[in-house]
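First up is the structure itself, then whatever we jot down about it.
The values are calculated or read from the model by the stated rules, or taken from the named source; none is laboratory data. The model shown is predicted, which means the values in this text are computed figures rather than measured ones. Neighbour counts run over all protein chains shown; Cβ positions are idealised from the backbone, glycine included. Note: areas computed on protein heavy atoms with side chains; ligands, DNA, RNA excluded. Shrake-Rupley method; radii C 1.70, N 1.55, O 1.52, S 1.80 Å.
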Amino acid sequence: MSIAPTDLEADAAPGAAGAERPAGAQRAAPWAWGLVGAAATVIAWWAATAVGGVGSPMLAALSPWRVPEALVSLLSTGVLLQDLLTSTGRLLLGLLIAAAAGIPLGALIGMHRPTRWASAGPVQFVRMISPLSWAPVAVALLGVGSAPVVFLVAAAAIWPILLGTSAAVASIDQRFVAVAHTLGARRGEILRTVVIPSVRPAVLQSVRLALGIAWVVLVPAEMLGVTSGLGYEILNARDRLAYDEMLVVILVIGALGAAIDALARLLLSPRRPAR
């Protein structure tokens, strides 16, 4: 039984035609396929709303051709931009609180083995509770407004940071610490020259992961007792039966989330030292 060579093997083989393609064509290929995927998505979206919209006014309002007009309407009132800034501020504040609490706690758990053993059960138990489960408690304690939203964002973001920091600190090669001790380094010098460089890549990746989780939690948190933000704007558009504007807000949430993740990847990814 013969097996036909795959495209991957043809490209990987030395001297193959695919290996001789210019670098510009190789760089353009991902963009071209990305445009194809985007076009296919829009066509499928239009087809679904065109077919389903015959008997459903709501689906008809979700047509992609309604998006530009609804976007202009939201931008003209200034509501969308204000909600976007409000949601971003809540996200960053909650993430800052989570990092300020999660990094020191994670370092303590990672450095001290008895603390790691004692905290393993409680940490895993509380981590598995949905952050939105704390919404009634947050509203009762902090009142209505941005404070409970920030609390819920921090409650969702702290666990990736804490666990990532703990694992990174616990996995530090103790031989490096022993060498630093042998060379006469003090505790502060060991922390600055051994511990922090060793754990920085893992901590930065944990913060990026926490950022994505926090963004997902932020939107439903803003549907609970606040009168601003992108999550609130979805409910507001639904109550006004402005389904096209509701769709625009949902698309803005996706676009902003992708932009935040790309920015986080750029800023938080470990960089190799220049030669």
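Here the chain is treated with +1 on each Lys and Arg Cβ and -1 on each Asp and Glu Cβ, and its dipole about the Cα centre works out to around 1300 debye.
Comparing VAL207, VAL150, VAL179 in a Gaussian network model of the chain where C-alpha atoms under 10 Å apart are linked, the largest mean-square fluctuation is found at VAL179.
Shape summary: the stretch 58-190 maps onto an equivalent ellipsoid whose semi-axes, from the alpha-carbon gyration tensor, are 44, 19, 15 Å in decreasing order. When the alpha carbon gyration tensor of the chain is reduced to an equivalent ellipsoid, the three semi-axes, largest first, read 41, 34, 17 Å.
Give me the log10 of I(q) over I(0) for the stretch 141-275 at q = 0.11, 0.12 Å⁻¹, as the Debye formula computes it from C-alpha points; what are the numbers? These q points yield log10 I(q)/I(0) values of -0.58, -0.65. Shape class for the stretch 89-135, computed from the alpha carbon gyration tensor (a ≥ b ≥ c): oblate, with a/c not under 1.5 and a/b at or below b/c. Between ARG200, ARG127, ARG192, the residue with the greatest mean-square fluctuation in the GNM of the chain (Cα pairs under 10 Å linked by springs) is ARG192. Computed over protein heavy atoms with a 1.4 Å probe, the carbon and sulfur contribution to the accessible area of the stretch 115-266 reaches 69%.
With Rh defined as the Kirkwood radius, the inverse of the mean 1/r over Cα pairs, the Rg/Rh of the stretch 204-250 is 1.12. Remark: the stretch 196-275 projects, on average over all directions, an area of 6.7 nm² (convex hull of Cα atoms). The largest accessible area among LEU81, LEU204 belongs to the first residue in LEU81, LEU204, and the rest follow in falling order (1.4 Å probe, all chains).
For LEU105, what accessible area in Å² do you get when you roll a 1.4 Å probe over the heavy atoms of the protein chains, rounding to the nearest 10? The accessible area comes out at roughly 80 Å². Other residues whose C-beta falls under 9 angstrom from the C-beta of LEU230 contribute a net charge of -3, scoring Lys and Arg +1 and Asp and Glu -1.
Helical runs assigned H by DSSP (4 residues or longer) give the chain a calculated mean residue ellipticity at 222 nm of -25000 deg cm²/dmol, each run adding -39500 (n - 2.57) before division by the residue total. Protein heavy-atom accessible surface, 1.4 Å probe, per residue over the chain: 62 Å².
Size descriptors for the stretch 60-103: radius of gyration and Dmax over Cα atoms are 16.3, 48 Å.
Across the stretch 131-208, the convex hull enclosing all Cα atoms gives 105 Å³ per residue. The relative contact order of the stretch 153-254 comes to 30 percent, based on Cα pairs under 8 Å that sit 6 or more residues apart. Note on LEU191 and ALA178: the extension gain reaches 3.4 nm, defined as 0.36 nm multiplied by sequence separation minus the Cα-Cα distance. Across GLY164, GLY257, GLY184, mean-square fluctuation computed from a Gaussian network of the chain (C-alpha pairs under 10 Å connected) peaks at GLY184. Local charge for ALA99 was computed over the other residues whose Cβ lies under 14 Å away, with Lys and Arg +1 and Asp and Glu -1, and equals +2.
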